[in-house]
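Here's the structure, in structure tokens; my notes come after.
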Amino acid sequence: MTISFDSRPDGIEIRDQIERRTCTLQTFDAVRPVPADTHSFRFPVDRAVCLSTDGLRLPTPAAVHVRDETGETVASVGGMANEALPSGNYTIELCTPIKLYLDVEESLDIGATFEDITFRFGSRTTVVVGGRSSHRRPSGTVTTTSDPTDMMAAISTFGSALKTTTCERSFPTLRGHPPVVELGDELRVPDALQPPETGVTIEVPPTYESIFPVASLAYYLGATVVPGNSPRIVTDDFEHPLGGTRDFESEVERVLKQTFFLDCVIRTEGLYPIDLHERRTLESTVDLDFAVLYETPLDERLETYLTVPYEMLEDLVPDWQLTTHVSSTATNVEMLPFLVDDLAAIRTPRATEVSASAIQVPAVEQFVRGNTRSTSETTSNPRTFVEPEQTDSLEQVWVGDDAPVGASKATITAFRNRLERTTTDGEIAITVVCNDREMDEERNLADEVYGSGRTLPFDVSVEHDLSVAELRSVLESETQFLHYIGHIDEGGFNCRDGMLDAAELDYIGVEAFLLNACRSFEQGMALIEAGAIGGVVTLNDVINSGAVRVGKTMARLLNRGFPLWAALDIARDRSIIGGQYTVVGDESINVVQTESIAAVLFDIEVNGERFEVTPITYLSNEGGIGAFVNLRLDETNRSYLASGSLSTLTMDKDTLTRLLALEDVPVRLDGRFTWSYSLDVDTLG
């Protein structure tokens with residue numbers, strides 16, 4: 001079972017054994033959960049238990065939605081709030097790292113603070129608790145040839161994974177993982193993977209350069225992709241060219257963003273009538289009947305959406321999570337389902353070749369004064385370095401043979417490894433290995449950080465001066481994260497009795513890693529091929545002082561639930577050598593869960609006695625674009641669409657102090673990086 005329920009003295013602990021997520025529901029007396037039927041819930045759950053109690057406490061803040069027996073929302077709670085509901089049959093949805101539902105028949109009092117949520121029932125009663133994992137598996141496999149028309153048929157199946165064609169599919173939990181695509185000698189599409197009847201067709205010329213970029217749009221619209229002379233969207237009642245004033249790829253991206261964003265706003269008319277900031281802002285600028293659009297079929301709704309000038313929406317559309325640069329080769333069709341699962345904007349590569357010496361230039365002066373983590377005076381780089389054209393997305397991912405600068409390098413092997421992740425009922429295993437005593441400073445820092453300040457079940461081990469056999473044993477163990485500190489050269493990892501080349505390993509149990517050593521790119525790629533999901537590596541030599549700074553920052557961010565790409569994106573700015581680091585494999589993996597649906601950094605600018613605060617949210621693979629967050633920032637108790645920068649708020653010292661005391665989060669104060677618990681607001685301004 002993916003979801004497990006375990007008794008504890010003060011309640012129950014729920015674990016997602018694949019995604020390594022943990023939630024606790026506390027009770028006011030001892031309870032003994034027993035298995036329950038999952039079919040009683042309105043929403044899908046993986047497993048359920050029932051228990052007898054007169055109240056529950058969730059020891060973390062979360063959004064709460066309460067529905068009556070008809071499915072109508074009768075209360076939505078977040079931040080500071082109190083709700084009292086009469087006796088009835090209620091389903092309570094908890095937006096926690098594991099999706100939880102409570103079925104209860106009683107009167108209900110809800111008290112929410114910035115620290116917890118308490119549910120009290122009118123009397124002792126039976127509560128059924130259901131949990132659903134965020135782990136998503138593809139619904140099947142499609143085989144296609146390299147013929148462009150067959151590839152169009154394969155991509156047309158992606159929409160079969162949508163759990164609804166209503167605007168609620170903008171929620172990540174209602175977008176299933178598209179079918180896996182494999183290259184073969186003939187087109188084979190299982191009957192169960194036929195595209196939904198949305199009435200939307202996308203016509204594009206039969207070339208890879210035209211087909212790949214429409215994959216995410218076809219998925220989200222549940223559209224069928226067919227050959228055509230010029231790119232366009234077609235329904236029974238209208239057509240929309242994918243070009244014109246914008247180039248083809250930019251227009252495809254614009255339509256995806258506009259459709260998705262308006263769905264996020266319109267869905268507040270339905271099952272989740274929350275007070276959404278973006279809706280309040282949009283209502284004053286566009287003439288749309290939200291209630292009517294909520295009931296309108298997808299194709300008609302799309303037609304209305306595309307009549308709205310994008311310029312009226314652009315500032316409200318959340319920062320797009322991901323742009324992928326995908327080389328136009330037949331084998332890369334197998335990457336598309338994994339990119340589409342993140343609603344990636346897909347582009348054909350536009351990149352500039354960069355020499356190894358060029359990416360080293362910013363650190364040359366530091367090299368004169370500092371020691372590197374290299375044991376070799378020669379540099380051998382078997383790959384070409386390229387710098388992809390930058391976009392306004394939060395993440396840039398490169399899919400091709402080269403080593404990218406300023407972008408992550410994705411591989412099909414990493415995504416397949418993620419799908420094959422197995423269950424575990426143990427603690428989160430983190431191993432810090434330092435194979436050079438001169439680098440003990442970083443080892444000690446990592447030892448202090450991992451697992452600190454968290455209530456999650458951690459097992460942190462610190463090793464040093466390992467032999468080849470000992471390091472091999474660490475790599476083969478079931479370890480969620482490896483933080484390696486030491487030397488790596490062309491021969492592999494430098495151990496006390498020789499070199500360990502990861503390319504010679506058939507299997508490793510490490511899921512994610514940070515190889516904080518010089519030129520660790522190739523060894524990181526070898527770890528991915530042997531079974532890892534994602535990791536941070538270096539493209540060239542790194543000086544020791546800069547590597548310590550990057551390593552320490554990465555450790556603290558990963559410990560707070562930041563995904564690899566986000567942790568590195570922030571840590572890069574901490575050192576002049578930050579540009580030497582990149583992510584290989586699946587960049588969205590995180591080591592531990594966040595306290596809420598998204599990890600957050602506060603960008604603060606001091607303006608006298610006032611403070612301009614901009615929250616910046618970062619999503620991991622189980623969050624997904626389309627989620628909303630309520631960060632309890634002001635008295636409006638308003639929610640925002642997560643992903644990137646939210647609205648800037650002006651605060652006084654007292655308000656900022658309360659905000660920063662809620663959780664130890666990274667802060668950028670007038671451009672200087674620090675942590676909220678380290679700030680004394682009284683000394684500012």
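The values are calculated or read from the model by the stated rules, or taken from the named source; none is laboratory data. In this text the structure is predicted, and so the values were computed from the model without any measurement. Positions of Cβ are generated from backbone atoms using ideal geometry, with glycine treated the same way; all protein chains shown enter the neighbour counts. Side chains are part of the model used for accessible areas, which takes the heavy atoms of the whole protein and leaves out ligands, DNA and RNA. Shrake-Rupley method; radii C 1.70, N 1.55, O 1.52, S 1.80 Å.
Remark: spin-label model distance Arg658-Val286 equals 3.4 nm, labels positioned 7 Å along the Cα→Cβ axis.
Where does the chain land on Rg(C-alpha)/(2.2 N^0.38 Å)?
Working: Rg = 25.3 Å, N = 685, 2.2 N^0.38 = 26.3 Å.
Taking the Cα Rg and dividing by 2.2 N^0.38 Å, one obtains 0.96.
According to the Kirkwood relation over distinct C-alpha pairs, the hydrodynamic radius of segment 110-161 is 16.4 Å.
On the basis of the beta-carbon distance and an R0 of 35 Å, Gln390 and Leu684 show a calculated FRET efficiency of 0.60. Here the chain exposes an accessible surface that is 44 percent carbon and sulfur, computed with a 1.4 Å probe and the other protein chains kept in place. Using a/c under 1.5 as the rounded threshold, could you call segment 489-559 rounded, prolate or oblate? The axes a ≥ b ≥ c are square roots of the C-alpha gyration tensor eigenvalues, and prolate needs a/b larger than b/c, oblate otherwise. Judged from the Cα gyration tensor, segment 489-559 comes out oblate (a/c at least 1.5, b/c at or above a/b).
With only the Cα atoms considered, segment 146-207 has a convex hull volume of 99 Å³ per residue.
The distance between label points at Ala192 and Ala469 comes to 4.8 nm (points 7 Å beyond Cα on the Cα→Cβ vector).
Taking every protein chain into account, the 1.4 Å probe leaves Phe248 with about 40 Å² of accessible area, to the nearest ten. The value of relative contact order for the chain, using C-alpha pairs under 8 Å at least six residues apart, is 10 percent. If the viscosity is 1.567 mPa s and the temperature 4 °C, what Stokes-Einstein diffusion coefficient in µm²/s follows for segment 98-221 when Rh is the Kirkwood radius over Cα pairs? Rounded, D is 73 µm²/s.
Hey, can you rank 7-19, 219-231 by average C-beta count inside 10 Å, highest first?
Values: 7-19: 18.5, 219-231: 20.4.
Going by the mean number of other Cβ atoms within 10 Å, highest first, we get 219-231, 7-19.
Mind checking the log10 I(q)/I(0) for segment 515-642 at q = 0.09, 0.11, 0.14 Å⁻¹? Debye, one equal scatterer per Cα, no solvent, two decimals. Computed log10 I(q)/I(0) values: -0.31, -0.45, -0.69.
Ignoring everything except DSSP H segments at least 4 long, calculate the 222 nm mean residue ellipticity for the chain; use -39,500 (n - 2.57) per segment, divide by total residues, nearest 500. Could the numbers behind the result be given before it?
On the way: 17 runs with 145 residues, N = 685.
Per the formula, -6000 deg cm²/dmol.
Tell me whether segment 189-297 comes out rounded, prolate or oblate; compute the Cα gyration tensor, take square roots of the eigenvalues as a ≥ b ≥ c, and use a/c under 1.5 as the rounded threshold. Since a/c reaches 1.5 and a/b is larger than b/c, the shape of segment 189-297 is classed as prolate.
Solvent-accessible area per residue in the chain equals 38 Å², computed with a 1.4 angstrom probe and all protein chains kept.
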